[in-house]
Amino acid sequence: MIKTAIKCVARKLGYVISAYDAKRDPLAIRRSLFNRLDVDLVFDVGANAGQFAMHLREAGYDRGIVSFEPMSAAFEQLDVAARQDQRWMIRQCALGAEESTSEINIAGNSWSSSLLGMTEAHTSAAPESAYVDKEVIKVDTLDSLYLEYANENSRPFLKIDTQGYTQQVLDGAQESLGKMQGVLVEMSLVELYVNEPLIGEVVTTLYNCGFVLISVEPEFFDPNTGQLLQVNGLFARA
């Protein structure tokens with residue numbers, strides 16, 4: 001009776017109260033997978049201010065992390081976040097298909113920044129994500145940097161959150177991808193960045209590289225229509 005009353009009040013305030021279920025908690029799912037795969041090094045591609053790495057630490061992961069972030073302002077925040085963590089390394093660059101310099105579009109909310117153009121579907125769903133500036137950045141490949149952080153005994157995991165630039169990151173990781181125990185990647189259901197691969201293409205690419213899809217986490221909805229636009233896909237080595 002009391003539980004029902006509390007839930008009714010919460011719903012009127014815009015909240016839903018439910019029992020905690022570890023099987024549906026993204027952090028718990030990742031922690032379980034990391035333990036099962038014995039992950040000892042995470043390549044955090046598209047780190048922004050270090051949000052993903054901090055979530056890993058909150059989930060209990062205490063082993064190596066390498067975070068890559070190209071934008072100067074975000075990298076400064078990343079540097080502060082990682083400064084007291086000896087197992088968290090950072091590098092100021094983007095990862096792509098080849099080593100180069102390029103121009104990144106800086107979004108008003110920072111984390112939507114991309115090397116690709118943004119579509120109307122994205123700006124309509126999140127006006128604060130519109131581009132406000134540009135910055136020249138360095139682009140490296142994961143293959144060229146992999147051995148600076150890993151060795152033949154490493155059990156690495158790859159996280160890609162590069163706002164539509166997923167295929168380029170994978171193209172530059174053709175050798176190192178085969179060493180990954182798992183992958184967490186942002187996937188779009190509609191085109192949010194110009195010429196980005198959509199979810200079906202990303203899943204097929206990773207399946208062809210020997211991974212299976214473990215879970216899907218809803219990430220970005222259009223508040224105007226309720227349509228799901230982006231998810232995070234968690235993959236493990238088959």
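Quick notes
- 5 angstrom amide H check on residue 96, placed H, neighbours 5+ away: 140, 141, 142
- Residues whose amide H falls under 5 Å from that of residue 211, counting only those 5 or more places apart or on a different chain, are 238, with hydrogens built in the peptide plane.
- 3J(HN,Hα) couplings calculated from phi for the stretch 168-180 with the Karplus curve 6.51 cos²θ - 1.76 cosθ + 1.60 (θ = phi - 60°) are, in sequence order, 5, 4, 5, 5, x, 10, 5, 8, 6, 4, x, 9, 6 Hz; Gly and Pro show x.
- Packing rank of 56-66, 161-171, where each peptide gets the mean count of other beta carbons within 10 Å, highest leading: 161-171, 56-66
- Taking only Cα atoms of the chain, radius of gyration then Dmax in Å: 18.5, 64
- For residue 67, distant residues with modelled amide H under 5 Å away: 44, 89, 90, 91
- Annotation: peptides 181-187, 77-83, ranked by per-residue average of other Cβ atoms within 10 Å with the highest first, follow the order 181-187, 77-83.
- Panel order for 215, 100, 113, by other beta carbons found within 10 Å of each beta carbon, from fewest to most: 100, 215, 113.
- Sequence-ordered 3J(HN,Hα) estimates for the stretch 119-131 from the Karplus curve with 6.51, -1.76 and 1.60 and θ = phi - 60° stand at 8, 5, 4, 6, 5, 5, 7, 9, x, 5, 8, 4, 5 Hz, glycine and proline given as x.
- With 0.36 nm allotted per residue and the present C-alpha distance subtracted, the residue 72-residue 121 stretch has 14.9 nm of extension available.
- Net charge contributed by nearby residues that have their C-beta within less than 15 Å of residue 135 (K/R +1, D/E -1): -2
Here, each number is a calculation from the coordinates, and none is a lab measurement. What you are looking at is a predicted structure, and each value in this text was computed from that prediction instead of being measured. Cβ: placed from backbone, ideal geometry, glycine included. Neighbour counts: every protein chain shown.
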